[in-house]
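The structure under discussion appears below in the form of structure tokens.
The values are calculated or read from the model by the stated rules, or taken from the named source; none is laboratory data. As the structure is a prediction and not an experimental result, all values here were calculated from the model. Methodologically, a virtual Cβ is constructed for each residue, glycine included, from the backbone with ideal geometry; neighbour enumeration extends over all protein chains shown. Heavy atoms of the whole protein, side chains included, go into the accessibility calculation; ligands, DNA and RNA do not. Shrake-Rupley method; radii C 1.70, N 1.55, O 1.52, S 1.80 Å.
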Amino acid sequence: SFADFARRAWINDHLEDLLRAETALNFVVRCATVPTRIGTLTIEKGEILFLMLAEAYSLIDTNVSESEASELCRRHLVFGAGVHTCPGNYLARIILEEGLLAVGKELRAGAITGPVQKLASRQIRTFTALPVRLKKKDEPA
């Protein structure tokens, strides 16, 4: 509920889940710089990899415990990692946190009022239309 957004503690507990839930990119392309082995798969230096970010979070092994699955899901690559970490990741987190706080303080309800349309893109995940009706806290029900 929007009331949860007004509590910084709730946002801090759920921010990473919110970021992971709808990653902006379906995939990233990387070139292996050293030979690598993942399970039974060998990746040679120079091979091109398509890392399917959006799918990775839905492929958690169902044979792990709920707490292990939760921890695996919380580790995401929304902002990359290592030398590929997005330099704006801290700013993006602050903007999201402060935006959610503002929504929680000012709004009490919201509803989608029409068809939701997503951009037809193989790589970028975003909306082209998301019609909503928001109700302020001081607005009559």
Worksheet, complete the sentence: If we take region 100-141, then strands (runs of 3 or more DSSP E) inside it with 2 or more residues that are open to solvent by 80 Å² or more (accessible area, probe 1.4 Å), closer than 26 Å to Arg8 by Cα and not small (Gly, Ala, Ser) are 107-112, 132-136
Practice prompt. Take the residues in region 82-93 that are open to solvent by 100 Å² or more (accessible area, probe 1.4 Å) and among the aliphatic types (A, V, I, L, M), then tell me which one is nearest to Ala6 (Cα to Cα).
Written response: Leu91
Discussion item. All but one of (1) modelled with pLDDT of 85 or more; (2) more than 18 Å from Ile94 (Cα to Cα); (3) out of contact with any Lys or Arg (no Cβ under 9 Å at 6 or more places or on another chain); (4) open to solvent by less than 80 Å² (accessible area, probe 1.4 Å) hold for Ala69; state the number of the condition that does not hold.
Written reply: (1)
Worksheet item: Which one of the conditions (1) open to solvent by less than 80 Å² (accessible area, probe 1.4 Å); (2) assigned to a helix (DSSP H, G or I); (3) modelled with pLDDT of 80 or more does Thr42 fail to meet, given that it meets all the rest?
Response: (2)
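Considering only residues of region 9-39 that are part of a loop (DSSP other than H, G, I, E, B), closer than 18 Å to Gln123 by Cβ and not small (Gly, Ala, Ser), which is modelled with the highest pLDDT? Steps first, answer last, please.
First, the residues of region 9-39 that are part of a loop (DSSP other than H, G, I, E, B): 22-24, 26-27, 32-35, 39.
Cutting the leftovers down to closer than 18 Å to Gln123 by Cβ gives us 22-24, 26-27.
If we keep only those that are not small (Gly, Ala, Ser) as well, we get 22-23, 26-27.
Values: Glu22: 72, Thr23: 75, Asn26: 80, Phe27: 83.
In this case the residue turns out to be Phe27.
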Worksheet item: Just to be sure, is Val103 farther than 24 Å from Gln123 by Cβ and either of a type in the set (Lys, Arg) or modelled with pLDDT of 90 or more (or both)?
Response: no
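Looking only at region 24-39, count every residue that is loosely packed, with under 10 Cβ neighbours inside 10 Å and free of Cβ contacts under 8 Å to residues at least 12 places away in the same chain and tell me the total. Before the answer, list the steps.
Taking region 24-39 and keeping what is loosely packed, with under 10 Cβ neighbours inside 10 Å, we get 29, 31, 33-34, 37-39.
Now narrow it down to the ones that are free of Cβ contacts under 8 Å to residues at least 12 places away in the same chain: 34, 37-39.
Number of matching residues: 4.
Can you name the residue in region 45-54 that is assigned to a loop (DSSP other than H, G, I, E, B) and open to solvent by 60 Å² or more (accessible area, probe 1.4 Å) and, of all such residues, is nearest to Ala92 (Cα to Cα)?
So in region 45-54, the residues assigned to a loop (DSSP other than H, G, I, E, B) come out as 45-47, 52.
This time we only want the ones that are open to solvent by 60 Å² or more (accessible area, probe 1.4 Å), so: 45, 47, 52.
Numbers: Lys45: 33, Glu47: 32, Met52: 22 Å.
Ranking the qualifying residues of region 45-54, first place goes to Met52.
If you go through region 76-99 one residue at a time, how many are of a type in the set (Val, Ile, Thr), within 24 Å of Leu130 (Cα to Cα) and in a helix (DSSP H, G or I)?
Taking region 76-99 as the starting set, the residues that turn out to be of a type in the set (Val, Ile, Thr) are 78, 83, 85, 94-95.
Those still in the list that are within 24 Å of Leu130 (Cα to Cα) too: 78, 94-95.
Of the ones still in play, those that are also in a helix (DSSP H, G or I) are 94-95.
So the count comes out to 2.
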